[in-house]
Amino acid sequence: NAGVMQNPRHLVRRRGQEARLRCSPMKGHSHVYWYRQLPEEGLKFMVYLQKENIIDESGMPKERFSAEFPKEGPSILRIQQVVRGDSAAYFCASSPPSKGRVTGELFFGEGSRLTVL
Amino acid sequence: GENVEQHPSTLSVQEGDSAVIKCTYSDSASNYFPWYKQELGKGPQLIIDIRSNVGEKKDQRIAVTLNKTAKHFSLHITETQPEDSAVYFCAFNDYKLSFGAGTTVTVRA
């Protein structure tokens, strides 16, 4: 059973370009979470999605950032017009279906490391 | 991380000694408290978790204690080994997990 798969593992973009980060959750998982980690900092929640629905995007900047989790295919975190401050590791996690509060393990991918030149 | 304070931010221990990390949270409705370990260049992995109906849980050299009244929980690592060197994050639950700022643990051989 493959774990959470993220790609690309490393991405370099110039200021103003777009970055697309992909996440395939574990088999049977329908909940996806995106977190951002700046160098030597903690994990900051960005967005929580279920299939075709954004449940909580309270941690995601209102501009330039968007996320989706379509019925088919991976979840995508999209950053438009990247700036140097977007340089970070972006982690995706998945969990099985549940109602209400998280009550079990979130399984994390290995992360996508974005560098903006 | 917001609504959860984690201390210390760095911890250096001699191999074989114990390490203790403490977290304080604010959401009184939280009922699930996991600890994650993150090695360099990798994603976080769950190492132990505790639910609010339990005060303590052990798994070999790792233990977690929970004081719901005081809203704090702690990670205890005994007989530390070099492979315990990593960043450790506490978390608490609402409709997502909210993480502490992390503790960088260094085990000196």
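No value in this document is a laboratory result; all are computed from the given coordinates. Keep in mind it's a predicted model, so treat the numbers as computed, not measured. All Cβ positions, glycine included, derive from the backbone under ideal geometry; neighbour counts span all protein chains shown.
Pairs of Cα atoms nearer than 8 Å and 6+ residues apart set the relative contact order; for chain B it is 38 percent.
With the convex hull drawn around the C-alpha atoms of chain A, the volume per residue stands at 102 Å³. Listing A:46, A:5 from fewest to most neighbouring C-beta atoms within 10 Å gives A:5, A:46. Taking other C-beta atoms within 10 angstrom as a stand-in for reagent exposure, B:95, B:32, B:88 fall in the order B:95, B:32, B:88, fewest first. What you get for the range B:1-69, charging only the Cβ of Lys and Arg (+1) and of Asp and Glu (-1), is a dipole of about 200 debye around the Cα centre. Restricting the range A:70-111 to GluC sites (Glu not before Pro) that sit in a DSSP loop and have at most 10 other Cβ atoms within 10 Å of their own Cβ leaves A:72.
Set the Förster radius R0 to 22 Å, insert the Cβ-Cβ distance between residue A:50 and residue B:27 as r into 1/(1 + (r/R0)^6), and round the FRET efficiency to 0.05. My answer for the efficiency is 0.50. Among the listed pairs A:27/A:71; A:44/B:96; A:44/B:58; A:51/A:99; A:62/B:42, give every one whose C-alpha distance is greater than 19 Å. The answer is A:44/B:58; A:62/B:42. When all alpha carbon pairs of the protein assembly as shown are counted in 10 Å bins from zero, the resulting P(r) reads 8, 33, 35, 20, 5, 0 %. A crude spin-label estimate for the pair residue A:58 and residue A:5, with each label 7 Å from Cα along the Cβ direction, gives 3.3 nm. Over chain B, the hull volume per residue, using the convex hull of the C-alpha atoms, is 90 Å³. The distance between label points at residue A:29 and residue A:71 comes to 2.3 nm (points 7 Å beyond Cα on the Cα→Cβ vector). Apply the Karplus curve 6.51 cos²θ - 1.76 cosθ + 1.60, θ = phi - 60°, to the phi angles in the range B:8-17 and return the couplings in whole Hz, x for Gly and Pro. Each residue of the range B:8-17 in turn: x, 7, 9, 8, 10, 10, 7, 3, x, 7 Hz.
Peptides A:78-89, B:71-82 ranked from most to least packed give B:71-82, A:78-89, packing being the mean of other C-beta atoms within 10 angstrom over each peptide's residues.
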